[in-house]
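Working notes, beginning with the structure itself.
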Amino acid sequence: MPPLSPQALEAKLAAYLTEQTGAPVQVSGAQPLAGGASRDSWAFNATFEDGTSGRFVLRRDLPTTMNEQALTRAQEFALMRAAHDHGVQVARVGWLCEDPDVLELPFFIMDYVEGVSVGRKVMTSPDLAAARGALPDQMARQLALIHSLNPSDLDFLPRPLGNQPARHAVQETYATIDSIGAVVPALEYALRWCDLHTPQPDRLTFIHGDFRVGNLLVNAAGLAAVIDWEFAHIGDPCEELGYLCMRDWRFGADKLRAAGLSPREPFIQAYEGYSGVTVNREAVTWWEILGNIRWAVICLAQAQRHLSGQDPSIELASLGRRSVEMQAEALRLIRQSNTQGVSAL
Amino acid sequence: MTDRPNLEQLLDAVRIHLESLVIPAVRAEPKLYFQTLVAVNVLKIAQREVAHGQALSETEWASLNALTGEAASISADLRAASDALTVRNRALSADIRAGKYDEPGVSTRLAQHVENVVGGQLMLNAPTLAQRLRAEDDTGEYPA
């Protein structure tokens, strides 16, 4: 599928929106948005017959799938709408189209939200210094809200086997390792350790699945919108708290374990304050370790796409060599957990 | 043997070409610019592997011998050594998954082995991160 030119996209979107609204719509200013290796995203302006206008974002599938566990655009559309209705800071979604005659692949359209999503920029931009101060509390509040979404309205969300998210995650990771034929004793050791120390979930909730700096739109006031909902699932909320603590998601601010923005303990306490739920710290650590192992394995799986000839890419090839970074981190966290004792998991 | 330039120097010539001529020329194309930065980094990894890869393989081999109680010798042929390491690591991986390293004593020795191996690989693939991690270990000041 050839890439769309901005002019071609504007014409197709104008026709689509005209049909959807039943009145002429003019589209202009289409621009590809940076980031998002798995989806094609564009910003554009639309002017409606009543004279109102707005800036919108198109989010469309790409022909190659980065991750087969990702939700479809229709599912992502449904849960973003549910999250918005629940009061979560998320772009309001407008139209969903699964007709291949329109843009060849499924897409949806949502309101444009101004903000920076590039992790390194969020962490270093002088303009966002105040935002970095506000973000930990805002993120804790949003997470508590996201975890209180009612999953019964979203019955398509993946659920862990036997309602055992930790065990399910370990089994899935073994399966991925085997599917790509990876031979890495460090990963085997780390995963075996996780298998022997799986925490029991205190509760199962809606999980965003990729909640970190890099998947938040940030403006001068802090968190403007939570984006990239395609890995949402049902799980242990400790998974989400541990995930955002991963070193790779600190974008160089190593010392601050919670997203590179705050020490972990005050962040967890803020989350407890908003959610009214006590958090098992050791389970959060377990999920941080498992998150590193999973990311290490995904790096190898991405390199395999290059090595197999399916998707030749210097970026994918280089990801294979990044795996060792997350392996090292998982081993360090396990060493620290062993030193501190993990009997209470 | 053709060693003018040698393998390391050949890689360096490509790296210098990319850094001095290609990167400035593609700065206006964000995706290609980023991909070329990645390519330069990949070349630097390859250069470090050329310089230190064999020594790392020998260290890993000796550590495996110590862990498993074997006394096998590593092949002088790089490809054969790499293949043999994969065979041994496959056996070790299967043993770990089968629970043969679960007992505390042997588990601790396994942990030291994999930390040493990964530490060496980190020096090749992400030397800046390796330095940051070592600084944490040296000072005992871990992320809070």
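The values are calculated or read from the model by the stated rules, or taken from the named source; none is laboratory data. What you see is a predicted model; the values in this text were computed from it and never measured. Glycine gets a Cβ as well: all are built from the backbone with ideal geometry, and neighbour counts include every protein chain shown. Keep in mind that these areas ignore ligands, DNA and RNA; they rest on the heavy atoms of the full protein, side chains included. Shrake-Rupley method; radii C 1.70, N 1.55, O 1.52, S 1.80 Å.
Quick check: anything in segment A:244-254 touching a Cys at 6+ places or on another chain (Cβ under 7 Å), open to solvent by 20 Å² or more (accessible area, probe 1.4 Å) and within 14 Å of chain B (Cβ to nearest Cβ)? No: zero hits. Hey, any hits in segment B:77-93 for a residue that's within 9 Å of chain A (Cβ to nearest Cβ), within 30 Å of A:Pro263 (Cβ to Cβ) and either open to solvent by less than 70 Å² (accessible area, probe 1.4 Å) or part of a loop (DSSP other than H, G, I, E, B) (or both)? So far as segment B:77-93 goes, no, none of its residues is within 9 Å of chain A (Cβ to nearest Cβ), within 30 Å of A:Pro263 (Cβ to Cβ) and either open to solvent by less than 70 Å² (accessible area, probe 1.4 Å) or part of a loop (DSSP other than H, G, I, E, B) (or both). Taken over segment B:124-144, the criterion of being among the small types (Gly, Ala, Ser) and either facing another protein chain (nearest Cβ under 7 Å) or not in a helix (DSSP H, G or I) (or both) is satisfied by B:Ala126, B:Gly140, B:Ala144.
Any residue at all in segment A:295-310 that's outside any helix (DSSP H, G or I), among the hydrophobic types (A, V, I, L, M, F, W, C) and open to solvent by less than 50 Å² (accessible area, probe 1.4 Å)? Lay out the reasoning, then the answer.
Taking segment A:295-310 as the starting set, the residues that turn out to be outside any helix (DSSP H, G or I) are A:308-310.
If we keep only those that are among the hydrophobic types (A, V, I, L, M, F, W, C) as well, we get none.
Looking through segment A:295-310, none of the residues is outside any helix (DSSP H, G or I), among the hydrophobic types (A, V, I, L, M, F, W, C) and open to solvent by less than 50 Å² (accessible area, probe 1.4 Å).
Being open to solvent by 50 Å² or more (accessible area, probe 1.4 Å) and free of Cβ contacts under 8 Å to residues at least 40 places away in the same chain is a property that B:Pro104 has.
If you go through segment B:114-123 one residue at a time, do you hit one that is touching a residue at least 12 places away in the same chain (Cβ under 8 Å), touching a Lys or Arg at 6+ places or on another chain (Cβ under 9 Å), under 21 Å from A:Arg335 (Cβ atoms) and more than 9 Å from chain A (Cβ to nearest Cβ)?
Residues of segment B:114-123 touching a residue at least 12 places away in the same chain (Cβ under 8 Å): B:116-117, B:120-121, B:123.
Imposing the further condition that a residue be touching a Lys or Arg at 6+ places or on another chain (Cβ under 9 Å) reduces the set to B:121, B:123.
From what is left, the residues that are under 21 Å from A:Arg335 (Cβ atoms) are B:121, B:123.
Keeping just the survivors that are more than 9 Å from chain A (Cβ to nearest Cβ) gives B:123.
Within segment B:114-123, one or more residues are touching a residue at least 12 places away in the same chain (Cβ under 8 Å), touching a Lys or Arg at 6+ places or on another chain (Cβ under 9 Å), under 21 Å from A:Arg335 (Cβ atoms) and more than 9 Å from chain A (Cβ to nearest Cβ).
On inspection, B:Ser82 does not qualify as hydroxyl-bearing (Ser, Thr, Tyr), modelled with pLDDT under 95 and touching an Asp or Glu at 6+ places or on another chain (Cβ under 9 Å). Pairs are defined by a Cβ separation below 8 Å, a sequence spacing of at least 6 or placement on different chains, a first member in segment B:41-52 that is more than 10 Å from chain A (Cβ to nearest Cβ) and in contact (Cβ under 8 Å) with a residue 24 or more places away in the chain, and a second member that is among the aliphatic types (A, V, I, L, M) and open to solvent by less than 60 Å² (accessible area, probe 1.4 Å); the pairs so defined are B:Leu43/B:Leu11; B:Leu43/B:Leu18; B:Gln47/B:Leu11; B:Arg48/B:Leu124; B:Val50/B:Leu11; B:His52/B:Leu124. Taking segment B:108-144 as the range and being surrounded by fewer than 17 Cβ atoms within 10 Å (Cβ to Cβ) and in contact with a Phe, Trp or Tyr (Cβ under 7 Å, 6 or more places away or on another chain) as the test, only B:Glu136 passes. Close Cβ contacts (under 8 Å, 6 or more residues apart or on different chains) running from residues in segment A:313-331 that are closer than 14 Å to A:Leu290 by Cα to residues that are among the aromatic types (Phe, Trp, Tyr) comprise A:Met326/A:Trp295; A:Leu331/A:Tyr189. Counting the residues of segment A:128-169 that are in contact with a Leu (Cβ under 6 Å, 6 or more places away or on another chain) and among the aliphatic types (A, V, I, L, M) gives 3.
Of all residues in segment A:145-180, those satisfying the criterion of being in a helix (DSSP H, G or I) and either of a type in the set (Ser, Thr, Tyr) or under 19 Å from A:Asp228 (Cβ atoms) (or both) are A:Leu145, A:Ile146, A:Pro151, A:Ser152, A:Thr173, A:Tyr174, A:Thr176, A:Ser179. Among the residues of this structure, B:Leu85 does not count as one that is closer than 28 Å to A:Arg281 by Cα and in contact with a Phe, Trp or Tyr (Cβ under 7 Å, 6 or more places away or on another chain).
Candidates A:Gly320, A:Gly276: the one that is of a type outside the set (A, V, I, L, M) and more than 12 Å from every other protein chain (Cβ to nearest Cβ) is A:Gly276. Just one of (1) more than 17 Å from A:Thr198 (Cα to Cα); (2) surrounded by fewer than 16 Cβ atoms within 10 Å (Cβ to Cβ) trips up A:Gln336, so point out which. Just one mismatch for A:Gln336, condition (1).
If only residues of segment B:53-76 that are open to solvent by 80 Å² or more (accessible area, probe 1.4 Å) and over 13 Å from B:His113 (Cα atoms) are counted, the one that is farthest from the other protein chains (Cβ to nearest Cβ) is B:Ala76.
Here B:Arg27 clears all of (1) under 17 Å from the mean Cα position of the chain (by Cα); (2) away from chain A (no Cβ under 11 Å); (3) basic (Lys, Arg) except the condition numbered (1).
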